[in-house]
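Step one of this worksheet: look at the structure below.
The values are calculated or read from the model by the stated rules, or taken from the named source; none is laboratory data. None of these values were measured; they are calculated from a predicted model. Here the Cβ is made from the backbone with ideal geometry for all residues, glycine too, and neighbour counts use every protein chain on show.
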Amino acid sequence: MEYEEILEMDEVRNLERPTSGEILSSKELEESTSEKEYPDAIVFESSGTTGKPKRIPYSEEILDKQREHESKAFKIGGLAEHDTVMTLAAPLTSISGWASRSGSRKLGAEVLNRSFNDYKKVIESKEDKDVTAIFATPLVAKTIGEEIENEYGSPKDIFPNLRIGFMFGDLLPDSLEKDLKRQWGFQELRCLYGTVEADVIAIEESESGMLIPMLDRIVIEIIPYENGKKQDRIRDIRDLDRKMKGSILITDPLRKKVSISRYEIGDMIRVHPDDPVPKIEVLGRIDNTINLGGAPLHEKDLQKAIDDTYGMHVETWKVIVTRENSKPAIDVYIAGDIDEKRNEFLNNLFETAPPVKEAYSDIGNGVIEHINLSMVDDQEEITKDIEIDKIENDAKSERIIFSESF
């Protein structure tokens, strides 16, 4: 594989391992950086969980290394030096716009704009026909695609030479992927998995859902989960000889301005051992894992079952988790002009997540009270059908919502 050369395998094998046994939480990182001044660094920000933004400083020395790191990731994903890039990533103080520009230019590609704020200049300066690659989050790409459609015409006609899109995020539903390809005319889409703390963590090499971890710069470890329970040990993903699921930890040995050592992002991943580097798949946020008596149900399991059952016809979906008769109850709301297909959905869900099948019983003898399906016209109908105020508010932004009874 080409990534063996790109990642420089000696660096991967010899990257310094963390020595501290302490786990750094997102809250601790936010609190330690939110009030500090960093006069000799660029500070990137992202929304935090404590009400204050997460502020991560990058010195000029580290920025140079980040450019190289990003260019390697983009090359693995399929960007080439002959490409011309339009970025729909966020402007400063977010890292995504800077990363998409700097990594592309380091690789030798041309970049036409700075962020989603100035994409119109690409069209109005008649450079739209040159664009072959785009960086964006999936929903921003869809929204701006609709804006372009209304003001200029079909994006796939405006950008006729567009071949590849890089989507920031970890889960790209099949239905949204097909929508974006139809809307923009992408030949290929790649997922970029990253954070403001570590920049690019992993990238999709092909449309397989498997990500190549960027082990040239960062150490990736997991805290394993077995039967839905967190284990009391840490494993480096380079050392695994079997598939393993766990909470991802990130260490950047080169960082000086702020320590990024065994930083627990809050995502659940599954590691697939491979030679020369393992692959990873992101299963969703740990907080969104539904624990069904030791049978974990992840957001990606639900997404795959929905994709396999309904394909591109799903507009959106929500899952409400409550507790009835001392057992968890799962209500799945799916929006779109589609038939219910309850049995097919359950079969696909059980195939994707076998432990859930063991926990479920139609006659009420299992761990799960019920798994119900409701087909609705749109998201507004989902929130309208939900009577509990707290859930109703969460349902506007979250895919999996837990009631206070759970």
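Against the condition without any contact (Cβ under 8 Å) to a residue 24 or more places away in the chain and not in a strand (DSSP E or B), how does K156 come out, does it pass? Steps first, answer last, please.
Details: without any contact (Cβ under 8 Å) to a residue 24 or more places away in the chain: no; not in a strand (DSSP E or B): yes.
When the stated conditions are applied, K156 does not pass them.
What residue, of I144, I134, is in a strand (DSSP E or B), within 21 Å of G169 (Cα to Cα) and of a type in the set (A, V, I, L, M, F, W, C)?
Of I144, I134, the one residue that is in a strand (DSSP E or B), within 21 Å of G169 (Cα to Cα) and of a type in the set (A, V, I, L, M, F, W, C) is I134.
Sort through I218, I234 and tell me the only one that's surrounded by fewer than 18 Cβ atoms within 10 Å (Cβ to Cβ), over 16 Å from the mean Cα position of the chain (by Cα), among the aliphatic types (A, V, I, L, M) and at pLDDT 90 or above.
Details: I218 fails: surrounded by fewer than 18 Cβ atoms within 10 Å (Cβ to Cβ).
Residue meeting the stated conditions: I234.
Conditions (1) in contact with a Lys or Arg (Cβ under 6 Å, 6 or more places away or on another chain); (2) assigned to a loop (DSSP other than H, G, I, E, B); (3) of a type outside the set (S, T, N, Q); (4) closer than 27 Å to N14 by Cα, marked per residue:
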| residue | (1), (2), (3), (4) |
| --- | --- |
| S175 | no, no, no, no |
| D179 | no, no, yes, no |
| E197 | no, yes, yes, yes |
| A202 | no, no, yes, yes |
| D216 | no, yes, yes, yes |
| I222 | yes, no, yes, yes |
| R233 | no, yes, yes, yes |
| R238 | no, no, yes, yes |
| K257 | no, yes, yes, yes |
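Out of K65, K54, K27, which single residue is in contact (Cβ under 8 Å) with a residue 40 or more places away in the chain and out of contact with any Asp or Glu (no Cβ under 6 Å at 6 or more places or on another chain)? Before you say what the answer is, go through the steps one by one.
Numbers: K54 fails: out of contact with any Asp or Glu (no Cβ under 6 Å at 6 or more places or on another chain); K27 fails: in contact (Cβ under 8 Å) with a residue 40 or more places away in the chain.
Every option except K65 fails the conditions.
Inspect region 285-306 for any residue being over 23 Å from L192 (Cβ atoms) and without any contact (Cβ under 8 Å) to a residue 24 or more places away in the chain and give the result as yes or no.
No, region 285-306 has no match at all.
Is region 176-190 home to any residue that is more than 23 Å from G108 (Cβ to Cβ), touching a residue at least 40 places away in the same chain (Cβ under 8 Å) and of a type in the set (A, V, I, L, M)? Explain how you work it out, then say what you get.
Filtering region 176-190 for residues more than 23 Å from G108 (Cβ to Cβ) gives 176-185.
Okay, now just the ones that are also touching a residue at least 40 places away in the same chain (Cβ under 8 Å), so 178-180, 183-184.
From what's left, of a type in the set (A, V, I, L, M): 180.
For region 176-190, residues more than 23 Å from G108 (Cβ to Cβ), touching a residue at least 40 places away in the same chain (Cβ under 8 Å) and of a type in the set (A, V, I, L, M): present.
Mind listing whichever residues of region 348-365 are outside any helix (DSSP H, G or I) and either buried (at least 18 other Cβ atoms within 10 Å of the Cβ) or under 29 Å from the mean Cα position of the chain (by Cα) (or both)?
Let us first name the residues in region 348-365 that are outside any helix (DSSP H, G or I), namely 353, 360-365.
Hits for region 348-365 are A353, Y360.
What's the total number of residues in region 315-330 that are surrounded by fewer than 21 Cβ atoms within 10 Å (Cβ to Cβ) and in contact with a helix residue (DSSP H, G or I) (Cβ under 7 Å, 6 or more places away or on another chain)?
Number satisfying all stated conditions: 1.
If only one of F166, F159, F116 is buried (at least 20 other Cβ atoms within 10 Å of the Cβ), in contact with a strand residue (DSSP E or B) (Cβ under 6 Å, 6 or more places away or on another chain) and of a type outside the set (S, T, N, Q), which one is it? Don't jump to the end; show me each part of the working.
Working: F159 fails: in contact with a strand residue (DSSP E or B) (Cβ under 6 Å, 6 or more places away or on another chain); F116 fails: in contact with a strand residue (DSSP E or B) (Cβ under 6 Å, 6 or more places away or on another chain).
F166 is the lone residue from the list that is buried (at least 20 other Cβ atoms within 10 Å of the Cβ), in contact with a strand residue (DSSP E or B) (Cβ under 6 Å, 6 or more places away or on another chain) and of a type outside the set (S, T, N, Q).
Restricting the search to region 1-13, which residues are surrounded by 15 or more Cβ atoms within 10 Å (Cβ to Cβ) and either without any contact (Cβ under 8 Å) to a residue 24 or more places away in the chain or in contact with a Leu (Cβ under 7 Å, 6 or more places away or on another chain) (or both)? Spell out the reasoning first.
Filtering region 1-13 for residues surrounded by 15 or more Cβ atoms within 10 Å (Cβ to Cβ) gives 3, 6-7, 9, 12.
Within region 1-13, L7, V12 qualify.
Confirm whether P57 is over 24 Å from S96 (Cβ atoms) and touching a Lys or Arg at 6+ places or on another chain (Cβ under 6 Å). I'd like the intermediate steps shown before the answer.
On the way: over 24 Å from S96 (Cβ atoms): no; touching a Lys or Arg at 6+ places or on another chain (Cβ under 6 Å): yes.
No: the conditions fail for P57.
Do the conditions hold for A89, that is, is it crowded, with 21+ Cβ neighbours inside 10 Å and in a loop (DSSP other than H, G, I, E, B)? Show your work before the answer.
Numbers: crowded, with 21+ Cβ neighbours inside 10 Å: yes; in a loop (DSSP other than H, G, I, E, B): yes.
For A89, the condition - crowded, with 21+ Cβ neighbours inside 10 Å and in a loop (DSSP other than H, G, I, E, B) - is met.
Pick from region 14-33 the residues that are modelled with pLDDT of 75 or more and touching a Lys or Arg at 6+ places or on another chain (Cβ under 7 Å): which of them is surrounded by the fewest Cβ atoms within 10 Å (Cβ to Cβ)?
For region 14-33, the residue satisfying everything is E22.
Where in region 265-347 are there strands (runs of 3 or more DSSP E), lying wholly inside it, with at least 3 residues that are hydrophobic (A, V, I, L, M, F, W, C) and touching a Ser or Thr at 6+ places or on another chain (Cβ under 8 Å)?
Values: elements: 279-285, 290-292, 295-297, 316-324, 327-335.
Once the strands (runs of 3 or more DSSP E) in region 265-347 are filtered for at least 3 residues that are hydrophobic (A, V, I, L, M, F, W, C) and touching a Ser or Thr at 6+ places or on another chain (Cβ under 8 Å), what remains is 327-335.
Only residues that are closer than 21 Å to P138 by Cβ and hydroxyl-bearing (S, T, Y): list them for region 86-114, please.
Those that are closer than 21 Å to P138 by Cβ and hydroxyl-bearing (S, T, Y): T87, S94, S96, S100, S104.
Does K129 satisfy the condition of being in a helix (DSSP H, G or I), surrounded by 16 or more Cβ atoms within 10 Å (Cβ to Cβ) and among the basic types (K, R)? So that I can check it myself, show each step before the final result.
Values: in a helix (DSSP H, G or I): yes; surrounded by 16 or more Cβ atoms within 10 Å (Cβ to Cβ): no; among the basic types (K, R): yes.
Here the answer is no, as K129 does not meet what is asked.
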